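Engineer: Following this message is one structure expressed as structure tokens.
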Amino acid sequence: MTAVTFAGARVVDPASHRDDVVNVTVDDGIVTDVGADVIGRRIDAGGLVLAPGFVDLHVHLREPGREDAETVASGTAAAAVGGFTAVCPMANTDPVADHAGVVEQVLRLARDAAHCDVFPVGAVTRGLAGDELAEMGAMAALGVRCFSDDGMPVRSPQVMRRALEYARTWDAIICNHAEESALTGGAQMNEGQLSTLLGLAGWPREAEEVMVARDLVLAGGLGARLHVPHVSTAGAVDLIRVAKARAVRVTAEAAPHHFTLTEERATTYDPVYKVNPPLRGKEDVEAVRNGLADGTIDAIATDHAPHPPEQKEQEWMHAPPGMLGLETSLAVTLTELVEGGVLTLSQAIAALSTNPARSRDITGHGGPIQPGAPANLVLFDPAQRWTVDARGLQSRSRNTPYTGMTLQGKVVHTLLRGRFTCRDGALA
Ligand SMILES: [Zn+2]
């Protein structure tokens, strides 16, 4: 490889507290110079932001089992175009990633596709059934750092406690889908006046909050690491804030739709807005935004959940929950949070990259951008406005709630160890 210098970009790297206009040179897969003159080929990056590639803690790549919805190749292609250099696919595939074989398969598929690095999440329990622990040790031996039955809660406090205790052996993380399912039978949307008005069964905020509270108590008692996925209620944000003040080892993520869209969308009965946990009220959206601003919520994670049209485009009641996220996450974050004055650009990049990488012990991603570091980078135009068109996405599915919306901020280049995975806004 020959050296390439990105000239004139605004380099925003939370890991080194850098935010200034400097040249960045990449050679042979690594960053070789920051702030030097142009070395090798010059690529004009004036007007662009150069940042560590994004890291998504929560995606569903659907392979093995639902290749009609997404594959490891198509999902990681969507990730590359979205500016991601690492994603963590959840274990709720078919078969479930509850043993080493499926984890190895996903790793192999990701290596073959080579669009971004993949760090599979292993299941907590066998078949996501909530009873017996999965083969966590065998998966940990393959490098799995986080275990989750996402989509399904670990209902039994005894199983959850045992999982936390076992994971602590490798200082690994348990991520529990926070839903007390005794309170959400048949739930279709957020519980409240609107659900009554629309005649849809409600998913009460308390169902999330009692589970988060339980998990914080269990993790705190053991000194074990907990990650709370897709925080959606004001009460859950408060619980995590208090736990962090008490030094519980907890990290948390929020999905773009939970800091952008409200339950009002359900009035359309368009199932593209059906998601689990559901879109909540204005005050919850506000609380999630505040949680990101004050660091209670560490990371923005998409919960990218592809579903093929024949499944998703049914009556609301019958449609599966879930939304796409990988190709719109940056633009939604910039439009809603940075333009909206909630986060600085550096805080936004920390939430998209540095914090998620650190929270999961992923090295080589999330910065710092310095000589010797792997060149896992994104360059984006923070000012470019574009209108989301589901037909133009890399994902195999089309269930984005942002269709037709004009957003600000577009990925131009993504580099994985110095190689373009996205170039000039297109899959490389
Ligand atoms: Zn979940």
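Engineer: More than 17 Å apart: what percent of Cα pairs in the range 91-209 qualify? Write out the running numbers ahead of the final one.
Structural biologist: Numbers: 4170 of 7021 pairs.
In whole percent, the share of Cα-Cα pairs in the range 91-209 beyond 17 Å is 59.
Engineer: In nm, give the distance between the simple-model label positions of Asp270 and Asp112, each being 7 Å from the Cα along the Cα-to-Cβ direction.
Structural biologist: Result for the modelled spin labels: 3.6 nm.
Engineer: Ranked highest first by the average count of other Cβ atoms within 10 Å around their residues, in what order do 179-190, 53-64, 253-264, 340-351 fall? Please report the intermediate quantities before stating the final value.
Structural biologist: Values: 179-190: 17.4, 53-64: 27.5, 253-264: 23.3, 340-351: 19.5.
Packing proxy ranking, top to bottom: 53-64, 253-264, 340-351, 179-190.
Engineer: How much length is gained if the chain between Asp361 and Ala129 is pulled fully straight, taking 0.36 nm per residue apart and subtracting their Cα-Cα distance, in nm to one decimal? Please list the in-between numbers first.
Structural biologist: Working: separation 232, 0.36 × 232 = 83.52 nm, distance 2.74 nm.
Full-extension gain reported as 80.8 nm.
Engineer: Ordering Trp386, Trp170 by accessible area with a probe of 1.4 Å, largest first, what comes out?
Structural biologist: Output order, biggest surface exposure first: Trp170, Trp386.
Engineer: Most mobile of Met323, Met211, Met152 per a Gaussian network model of the chain (Cα springs, under 10 Å)?
Structural biologist: So, out of Met323, Met211, Met152, the one fluctuating most is Met152.
Engineer: Run the quick spin-label model on Asp94 and Val21: label points 7 Å from Cα toward the beta carbon, then report their separation in nm to one decimal.
Structural biologist: Simple spin-label model gives 5.4 nm for this pair.
Engineer: When the accessible area of the range 305-359 is computed with all protein chains present and a 1.4 Å probe, what percentage of it is carbon and sulfur? Write down the numbers at each step before the final one.
Structural biologist: Numbers: 900 of 1870 Å².
Roughly 48 percent, rounded to a whole number.
Engineer: Once the convex hull of the C-alpha atoms of the range 1-84 is built, how many Å³ does it hold per residue, rounded to a whole number?
Structural biologist: Details: hull volume 10.2 nm³, N = 84.
Taking only Cα atoms, the range 1-84 has a hull volume of 122 Å³ per residue.
Engineer: Based on C-alpha coordinates, I'd like the Rg and Dmax of the chain, in Å.
Structural biologist: 20.4, 64
Engineer: Please give the FRET efficiency for Glu67 paired with Ala293, using the beta carbon to beta carbon distance and R0 = 41 Å, rounded to the nearest 0.05.
Structural biologist: On the way: r = 39 Å, r/R0 = 0.95.
Calculated transfer efficiency: 0.55.
Engineer: Please give, to one decimal in nm, the separation of the simple spin-label points placed at Ser156 and Thr196, each 7 Å out from Cα toward the Cβ.
Structural biologist: Computed distance between label sites Ser156 and Thr196 equals 3.8 nm.
Engineer: Turning to a different aspect of this structure: Is it possible to state the helix-based mean residue ellipticity at 222 nm for the chain, with each DSSP H run of 4+ residues giving -39500 (n - 2.57), the sum divided by total residues, to the nearest 500 deg cm²/dmol? What is it?
Structural biologist: On the way: 12 runs with 108 residues, N = 428.
Rounded to the nearest 500, the figure is -7000 deg cm²/dmol.
Engineer: Taking the alpha-carbon centroid of each part, what is the distance from the range 350-374 to the range 20-60 in angstrom?
Structural biologist: With the range 350-374 and the range 20-60 each reduced to a Cα centre, they are spaced 13 Å.
Engineer: With every protein chain kept in place and ligands, DNA and RNA left out, what is the accessible area per residue of the chain? Probe 1.4 Å, answer in Å². List each step's numbers first, then the result.
Structural biologist: Numbers: 15550 Å² over 428 residues.
For the chain, the per-residue accessible area is 36 Å².
Engineer: Evaluate the range 1-147: find the radius of gyration of its Cα atoms, find its Kirkwood radius, and give the ratio Rg to Rh.
Structural biologist: Working: Rg = 18.9 Å, Rh = 17.1 Å.
Ratio of gyration radius to Kirkwood radius for the range 1-147: 1.10.
Engineer: If contacts are Cα pairs under 8 angstrom and at least 6 residues apart, what is the relative contact order of the chain in percent? Working shown, then result.
Structural biologist: Numbers: 1102 pairs, mean separation 86.5, N = 428.
Over the chain, the number comes to 20 percent.
Engineer: With a 1.4 Å probe and every protein chain kept in, tell me what percent of the accessible surface of the range 130-243 is carbon plus sulfur. Please report the intermediate quantities before stating the final value.
Structural biologist: Numbers: 2300 of 4310 Å².
Here carbon and sulfur together make up 53 percent of the probe-accessible area.
Engineer: The range 144-181 to the range 274-293: how many Å between their Cα centroids?
Structural biologist: When both Cα centres are located, 23 Å separates them.
Engineer: Name the residues whose placed amide hydrogens come within less than 5 Å of the amide hydrogen of Ile30, ignoring near sequence neighbours (fewer than 5 apart) on the same chain.
Structural biologist: Ala375
Engineer: Now for a different question. At a Cα cut-off below 29 Å, give the lysines reachable from Lys410, other chains included and same-chain residues fewer than 8 away excluded.
Structural biologist: Lys274, Lys282, Lys312
Engineer: Using only the Cα atoms, what convex hull volume per residue in Å³ does the range 190-335 have?
Structural biologist: Working: hull volume 15.8 nm³, N = 146.
Dividing the Cα hull volume of the range 190-335 by its residues yields 109 Å³.
The values are calculated or read from the model by the stated rules, or taken from the named source; none is laboratory data. Here the structure is a predicted model, which means the values were calculated and not measured. FYI the Cβ positions are ideal-geometry reconstructions off the backbone, even for glycines, and counts take in every protein chain you see. Keep in mind that these areas ignore ligands, DNA and RNA; they rest on the heavy atoms of the full protein, side chains included. Shrake-Rupley method; radii C 1.70, N 1.55, O 1.52, S 1.80 Å.
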